[in-house]
Amino acid sequence: MIRIGVLSDTHLIRVNENLRRTMDTLFSRVDMLIHAGDMVSREVYDYLSTWNLIGVRGNMDDYEVREILPDTRIEQIEGKRIGIMHGRGGPAGIEELVLSEFTDVDLIIFGHSHIPLQTMRGDRILFNPGSFGPSRGYAGTVGLLEISHTIRLSHLGAA
């Protein structure tokens, strides 16, 4: 089994104590980290890169981060195909948007709406870890993805 920490919308210019605490407690035993965009700064990107980071850029990322990361990507992990993107536009319709970006994937991880989500659409799982910090009436959340012969996802409160 592989364990993957899932983040989106950290919106940090600098690494802060909340991010350090989340990484040290919730993600201390993950094999890798997926970030679905809006890290915002190179400092945060460099810090998260020590966790075997797979990321995409978001609409709020600075120039340096946007130069490093793609808009979308597909990763094959433990035999499962995972599509990753940030998202765009308002929260209404974001599920249809991310579904239209990927075919032939088992799981789509996205962010942007700041709203935690886990749902099945046809034979694909859609997962949004939510926003790292409190936003839109939700407490800060992150996700945990475990892949063996199945995909298991959960939301966790950010530290």
Sorted by chain and number, the residues with a modelled amide H under 5 Å from that of Ile34, at a separation of 5 or more or across chains, are Gly5, Val6, Leu7, Ile54
Of all DSSP beta bridges having both residues in the chain, the percent classed as antiparallel (nearest 5) is 65 percent
In Å², rounded to a whole number, the accessible area per residue of the chain with probe 1.4 Å is 46 Å²
For segment 45-54, in residue order, the Karplus 3J(HN,Hα) values (coefficients 6.51, -1.76, 1.60; θ = phi - 60°; whole Hz; Gly and Pro = x) are 4, 4, 5, 5, 5, 6, 9, 6, 7, 10
HN-Hα couplings for segment 92-109 via Karplus (6.51, -1.76, 1.60; θ = phi - 60°), in whole Hz with x for Gly/Pro, come out as 5, x, 5, 4, 5, 4, 5, 4, 6, 7, 10, 10, 6, 10, 8, 9, 10, 9
Heavy-atom accessible area of segment 1-128 with neighbours in place, 1.4 angstrom probe: carbon+sulfur share in percent works out to 45 percent
Sorted by chain and then number, the residues having a modelled amide H within less than 5 Å of the amide H of Met60, at least 5 places away or on another chain, are Asp38
Expected field for Leu156, accessible surface area in Å² at 1.4 Å probe radius, rounded to 10, holds 50 Å²
So, with points 7 Å from each Cα along the Cβ direction, the Arg88-Glu64 label distance in nm works out to 2.5 nm
Non-local residues with an amide H under 5 Å from the amide H of Leu117, with H modelled 1.01 Å from N and Pro and chain starts lacking one, are Asn128, Gly130
Under the 7 Å Cα-to-Cβ spin-label approximation, Arg20 and Arg73 lie apart by a distance in nanometres of 2.7 nm
Rounded to the nearest 5, the percent of DSSP beta bridges in segment 4-90 running antiparallel is 45 percent
So, relative contact order of segment 38-159 in percent, Cα under 8 Å, 6 or more apart, is 15 percent
Label model pair Ser49, Asp104: point-to-point distance (7 angstrom along the Cα→beta-carbon line) in nm is 3.1 nm
For segment 129-144, in residue order, the Karplus 3J(HN,Hα) values (coefficients 6.51, -1.76, 1.60; θ = phi - 60°; whole Hz; Gly and Pro = x) are x, x, 8, 4, x, x, 6, 6, x, 10, 5, x, 9, 9, x, 10
The answer for the net charge of residues other than Arg14 whose Cβ lies under 15 angstrom from its Cβ, with Lys and Arg +1 and Asp and Glu -1, is -4
Over the chain, the sum of -39500 (n - 2.57) across DSSP H runs of at least four, divided by residue number and rounded to 500 deg cm²/dmol, gives at 222 nm -5000 deg cm²/dmol
With R₀ set to 25 angstrom, the calculated FRET efficiency between the beta-carbons of Arg42 and Glu146, to the nearest 0.05, is 0.25
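The values are calculated or read from the model by the stated rules, or taken from the named source; none is laboratory data. This one's a predicted model, so the numbers in the text were calculated from it and none came from an experiment. Cβ: placed from backbone, ideal geometry, glycine included. Neighbour counts: every protein chain shown. These accessible areas exclude ligands, DNA and RNA; they are computed on the full protein's heavy atoms, side chains included. Shrake-Rupley method; radii C 1.70, N 1.55, O 1.52, S 1.80 Å.
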